[in-house]
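A.B. asks: Starting off with a structure, shown below.
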There are 2 protein chains.
Amino acid sequence: VSDDRTRSYWGWGYVEEHPDEDEVQALRERLETEFGFPELDLVDAPDLADVEVPDPEIEAPAHLDFCTQEKRSRVHHTYGDGYRDKVLGVRGDFDAAPDIVARPESEDDVADLLEWASDERVAVIPYGGGTSVARGIEAEVGGGFAGVVTLDTREMDAILEIDEESRRARIQAGALGPQIQDGLAEHGYQLRHYPQSYEFSTLGGWIATHAGGHFATEYTHIDDFVESARMVTPSGTVETQQVPRSGAGPKSNHFMLGSEGSLGVITEAWMNVQPRPEARSRATVRFSDWEGAVDAIREIAQARLSPANCRLLDRNESTLFELADHDDHLLFLGFESLAGAGSTRENLSEALSMCETHGGECPRGPIHGDRESDEETPEDRWRSAFIEAPYVWDEFVRLGVIFATFETSITWDRFDDFHADIYEGVTAAMDDACGTGHVSCRFTHVYPDGPAPYYTFMAPAERGRELEQWRQIKQTAGDIIDDHGATITHHHAVGRLHQQWYERETADFQATLRAMKGALDPAGIMNPGVLVDDTE
Amino acid sequence: VSDDRTRSYWGWGYVEEHPDEDEVQALRERLETEFGFPELDLVDAPDLADVEVPDPEIEAPAHLDFCTQEKRSRVHHTYGDGYRDKVLGVRGDFDAAPDIVARPESEDDVADLLEWASDERVAVIPYGGGTSVARGIEAEVGGGFAGVVTLDTREMDAILEIDEESRRARIQAGALGPQIQDGLAEHGYQLRHYPQSYEFSTLGGWIATHAGGHFATEYTHIDDFVESARMVTPSGTVETQQVPRSGAGPKSNHFMLGSEGSLGVITEAWMNVQPRPEARSRATVRFSDWEGAVDAIREIAQARLSPANCRLLDRNESTLFELADHDDHLLFLGFESLAGAGSTRENLSEALSMCETHGGECPRGPIHGDRESDEETPEDRWRSAFIEAPYVWDEFVRLGVIFATFETSITWDRFDDFHADIYEGVTAAMDDACGTGHVSCRFTHVYPDGPAPYYTFMAPAERGRELEQWRQIKQTAGDIIDDHGATITHHHAVGRLHQQWYERETADFQATLRAMKGALDPAGIMNPGVLVDDTE
């Protein structure tokens, strides 16, 4: 993948793709006038040349010749793409830079590195695309380590085999979304997994974090596409069977899925692939009543109509993204089929009548087939905003605005109370910390037993105190999630950011996790502080 | 569930439901004439009064007052329902009887028992309905234990809560299929999980063994319905979160699913439930060509049409079950919907045209709606045979005929070679061990990347040498599965029967499994010899 564009050393994606200064000024004006934020000042991140990184504490031995200590590489591998990461980046604070960045080209390279690191007690942070929003790839490992190596898997990015008969492909962990898409498209297939980070995140990262795709139900999480996988651990390489399903013992794939680099380095996987859908049907539904919208979605999910898209945006969210000229809640519905168009029409029609029952209106009517129409729908605008959002987030940080998200999943019977508590608690926390703020909600995924609500909050920060203010709001949100027995993350992963709540929700299983880690990573060098925290 | 019928102490289900002597004679004649078996003699199991069991080696302490050493109970809890179990049963050989049968009424009872057993090094065999066909509940634990307790969960069989809003129910592990069905039906719901053992197996057993349901795709395995579960282990009680889905770390439910009693005793679970389907469409398709049938099913699975039923019976299988007056291969197709009938019609129509492309014929045409027709279809006959089969298996044993099954899953690209090797290898093994025999195949479940083929073999045994002959054939089948990298079980579980092959297919993970067991069962008392084998 050759490209003339420059990767931002501190923020999202390519420098050239960021909003230009006019657009940033427009964003500022909008925040000040529409959201009543105080006057905002725009700062720039320092030039990379002016960024200082600590001297490395260790060096890699000569035989690990895929290691570098070059400054740009160490800086680029210091943080992920969460709010805190970007604040530190704009400040030019890269004190947490790893000592070494390793770019192994083979499993043997990985094994050699892990052997040396285990012997020397060097922490190893597996790193794919670096898009973690949960501090999952940060070289913050506490004391007790001789140093830190960030292990970047991007040199291992090939599609190694395609089995057309079984519709599966063997893909290396370092392949990015677009590489996988392009490589499979040559054979008429796709992985059909589109997380928001798609352009800059890797297969290995997706597997390590239970990545959630863009689709609302059924085959959307990366877990749903993994047939078998390989992981190099300090205790050796482990591989699961290439079978559609096994009933023999605990599912071995689940020792890798969600392991977040704490057990080993995922190197490749056999993934189920599929052709492009033959048929699509979609519609946008408006609800003036939030409860009606929630009830309609519950009914659709419980009827197992399996919409590919079933994304509900509350009015705060559609206002934030400027999607509608009204203040209704918006529901994007879509159905896809790998066979004929009959079932997508039928299922959309069933779903729309459920919406109608609960007060939903669909003025534009259903749209069948591909998007050949010139007319831009709110869903199209949403899609663009969804893809561009990470670029815009960087500009919020430059403007001194806290902009962050959190997400969970919870059963329907507890959702109403939970949702009310989140709105009340997060609003109060923003008022307290920042004087004002804005919170909004969408459903990213829905299940028969409950939704996965996703919240975005933004508030004007005091320059220099941003992280303290953000932490106060984040702590409030995490505690409300925990109080309601919801999960601290539906698809963003645990990382170091969510470790405190993860330990509470898995208290019964911490000894089991620790034992598993002990078996695969006896020296405790793999991503210390994540899932099992023995750091000081 | 009160019932006047008598449970067979050595075989399947109720004594009164077994085929009568005329039917058994008809079966004998059919085996001799149609299958060319040598003259068969019919034996009876001894009266229970004449069965001898060894004196117990231990007694339970007084505070565990839910324990018994009554002979009938010890005999009834000695074996599962596999071929070997029935042979030993007919012989009246109950040397493997447990010393004690415990029937705890609460989690506290379970915890008390496990504490005593850990202290005294008494092996504990969790037991639900006792329908294991993989020696999963047998008190065969090697040396090193003071004795053996079989822990029967059947006293804990209540539906504790129903959450209609989230469509889920909290059910105790000892509930049998019909208890769950009846209890949920009062509220308009069902679990929609119908393994062949349904009538006599329990929720806890299903969860512990990744039980596979009757349906061919999508929501059929018990795994697909478990929202959260509780397990009492020697190290304490563990419980997973009640959330639709979490992205936080390795999925904790998967520490229980498939654990086969080797880590603890599953006591209850929150299960997703659903109403009865609103619409059904079905058809029976005939294929004269096996490859055509396989290709059609592959196409249907890969188009993700999600048939509820997609059961292919090869001609040997439909002959065995007397389902057709021709020697074609039979495919039963069925679609169900919780909403309107539109999508089931459309999907069946798509599937039938895929069948046609590959030479399939559907003379009767599609049938929509419920089974109101008087005409009995081959599928109806199959359904009856499927439910009655375990009763008939007992009669094969009485006739001195080896009758057993094995199953696996494998990717499509490897299936043809594998299937040919199984037919050749198992036929040769039967010829070698028994002089003749009959093998047949059906697909129980299908996935986009491969089928789950299920094989039945029968051969005339020499009375007294049955187990040696059966073992030779079983070893051949297991080794062929292993050679092809398929799994030793898709839904029958590992038990003691499959442990040798399980250890090979999970060689990379044996240390991890051992570590998990060490954390939850430090004294190693839980179902010794299963999954992790430290028995002598």
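The values are calculated or read from the model by the stated rules, or taken from the named source; none is laboratory data. Keep in mind that this is a model prediction, so the values were computed, not measured. Here Cβ is always computed from backbone atoms with ideal geometry, including for glycine, and neighbour counts include all displayed protein chains. The area values use the complete protein model at the heavy-atom level, side chains included, leaving out ligands, DNA and RNA. Shrake-Rupley method; radii C 1.70, N 1.55, O 1.52, S 1.80 Å.
A.B. asks: Please go through (1) acidic (D, E); (2) open to solvent by 30 Å² or more (accessible area, probe 1.4 Å); (3) closer than 29 Å to B:A301 by Cβ for A:E291 and return the number of the only condition it doesn't satisfy.
C.D. replies: Failed condition: (3).
A.B. asks: Could you say whether any residue in segment A:306-320 is open to solvent by 10 Å² or more (accessible area, probe 1.4 Å), touching a Phe, Trp or Tyr at 6+ places or on another chain (Cβ under 6 Å) and either among the β-branched types (V, I, T) or away from chain B (no Cβ under 14 Å) (or both)?
C.D. replies: Yes, segment A:306-320 contains at least one residue that is open to solvent by 10 Å² or more (accessible area, probe 1.4 Å), touching a Phe, Trp or Tyr at 6+ places or on another chain (Cβ under 6 Å) and either among the β-branched types (V, I, T) or away from chain B (no Cβ under 14 Å) (or both).
A.B. asks: Looking only at segment B:184-241, count how many residues are touching a Leu at 6+ places or on another chain (Cβ under 6 Å), surrounded by fewer than 21 Cβ atoms within 10 Å (Cβ to Cβ) and in a strand (DSSP E or B).
C.D. replies: 1
A.B. asks: Within segment A:326-343, count every residue that is closer than 13 Å to A:S288 by Cα and either in contact with a Gly (Cβ under 6 Å, 6 or more places away or on another chain) or not in a strand (DSSP E or B) (or both).
C.D. replies: Count: 3.
A.B. asks: Just name the residue that is nearest to A:S262 (Cα to Cα) out of those in segment A:466-513 that are open to solvent by 40 Å² or more (accessible area, probe 1.4 Å) and within 7 Å of chain B (Cβ to nearest Cβ).
C.D. replies: Only one residue tops the list, namely A:A511.
A.B. asks: Exactly one condition in (1) in a loop (DSSP other than H, G, I, E, B); (2) within 11 Å of chain A (Cβ to nearest Cβ); (3) farther than 27 Å from B:S262 by Cβ; (4) open to solvent by 10 Å² or more (accessible area, probe 1.4 Å) is not met by B:S166; state its number.
C.D. replies: Here B:S166 meets the rest and fails (4).
A.B. asks: Is there any pair with a first residue in segment B:59-79 that is more than 20 Å from B:P126 (Cβ to Cβ) and assigned to a loop (DSSP other than H, G, I, E, B) and a second that is open to solvent by 40 Å² or more (accessible area, probe 1.4 Å) and modelled with pLDDT of 95 or more whose Cβ atoms are under 7 Å apart and which are 6 or more apart or on different chains, and what are they?
C.D. replies: Cβ pairs passing all conditions: B:H63/B:D112.
A.B. asks: Filter segment B:516-532 down to residues that are buried (at least 20 other Cβ atoms within 10 Å of the Cβ), at the interface with chain A (Cβ under 7 Å from one of its Cβ atoms) and either more than 18 Å from B:E138 (Cα to Cα) or at pLDDT below 95 (or both), then give me how many there are.
C.D. replies: Looking only at that region, the number is 3.
A.B. asks: Which of the numbered conditions does A:A117 fail, given that it passes all the others? Conditions: (1) surrounded by fewer than 24 Cβ atoms within 10 Å (Cβ to Cβ); (2) more than 29 Å from A:G212 (Cα to Cα).
C.D. replies: (1)
A.B. asks: Quick one: would you say A:D421 is of a type in the set (D, E, K, R) and modelled with pLDDT under 95?
C.D. replies: Working: of a type in the set (D, E, K, R): yes; modelled with pLDDT under 95: no.
Considered against the rule, which asks whether it is of a type in the set (D, E, K, R) and modelled with pLDDT under 95, A:D421 comes out as no.
A.B. asks: Suppose we filter B:E407, B:E350 for residues that are modelled with pLDDT of 95 or more, open to solvent by less than 10 Å² (accessible area, probe 1.4 Å) and within 14 Å of chain A (Cβ to nearest Cβ); which single one remains?
C.D. replies: Answer to the check: B:E407.
A.B. asks: Moving on to the next point. Out of (1) within 14 Å of chain A (Cβ to nearest Cβ); (2) under 23 Å from B:G82 (Cβ atoms); (3) among the hydrophobic types (A, V, I, L, M, F, W, C), what's the single condition that is false for B:A459?
C.D. replies: With respect to (1) within 14 Å of chain A (Cβ to nearest Cβ); (2) under 23 Å from B:G82 (Cβ atoms); (3) among the hydrophobic types (A, V, I, L, M, F, W, C), B:A459 is out only on (1).
A.B. asks: From the residues in segment A:375-390 that are of a type in the set (D, E, K, R) and in a loop (DSSP other than H, G, I, E, B), which one is surrounded by the most Cβ atoms within 10 Å (Cβ to Cβ)?
C.D. replies: A:E376
A.B. asks: Further question on the same structure: Is it the case that segment B:143-161 has a residue that's open to solvent by less than 20 Å² (accessible area, probe 1.4 Å) and among the hydroxyl-bearing types (S, T, Y)?
C.D. replies: Yes, segment B:143-161 contains at least one residue that is open to solvent by less than 20 Å² (accessible area, probe 1.4 Å) and among the hydroxyl-bearing types (S, T, Y).
A.B. asks: Regarding segment B:407-414, can at least one residue be identified that is in a helix (DSSP H, G or I), in contact with an Asp or Glu (Cβ under 6 Å, 6 or more places away or on another chain) and among the hydrophobic types (A, V, I, L, M, F, W, C)?
C.D. replies: yes
A.B. asks: Do the conditions hold for B:A486, that is, is it aliphatic (A, V, I, L, M) and without any contact (Cβ under 8 Å) to a residue 40 or more places away in the chain?
C.D. replies: In short, no.
A.B. asks: Still on this structure: Scanning segment A:242-288 for residues that are more than 8 Å from chain B (Cβ to nearest Cβ), polar (S, T, N, Q) and in contact (Cβ under 8 Å) with a residue 60 or more places away in the chain, which turns out most open to solvent (accessible area, probe 1.4 Å)?
C.D. replies: Among those that are more than 8 Å from chain B (Cβ to nearest Cβ), polar (S, T, N, Q) and in contact (Cβ under 8 Å) with a residue 60 or more places away in the chain, it is A:S288.
A.B. asks: What pairs come out if I take residues in segment A:440-455 that are closer than 13 Å to B:R245 by Cβ and pair them with residues that are β-branched (V, I, T) and crowded, with 24+ Cβ neighbours inside 10 Å whose C-beta lies under 6 Å away, six or more apart or interchain?
C.D. replies: A:V446/A:I297; A:D449/A:T411; A:G450/A:I410; A:G450/A:T411
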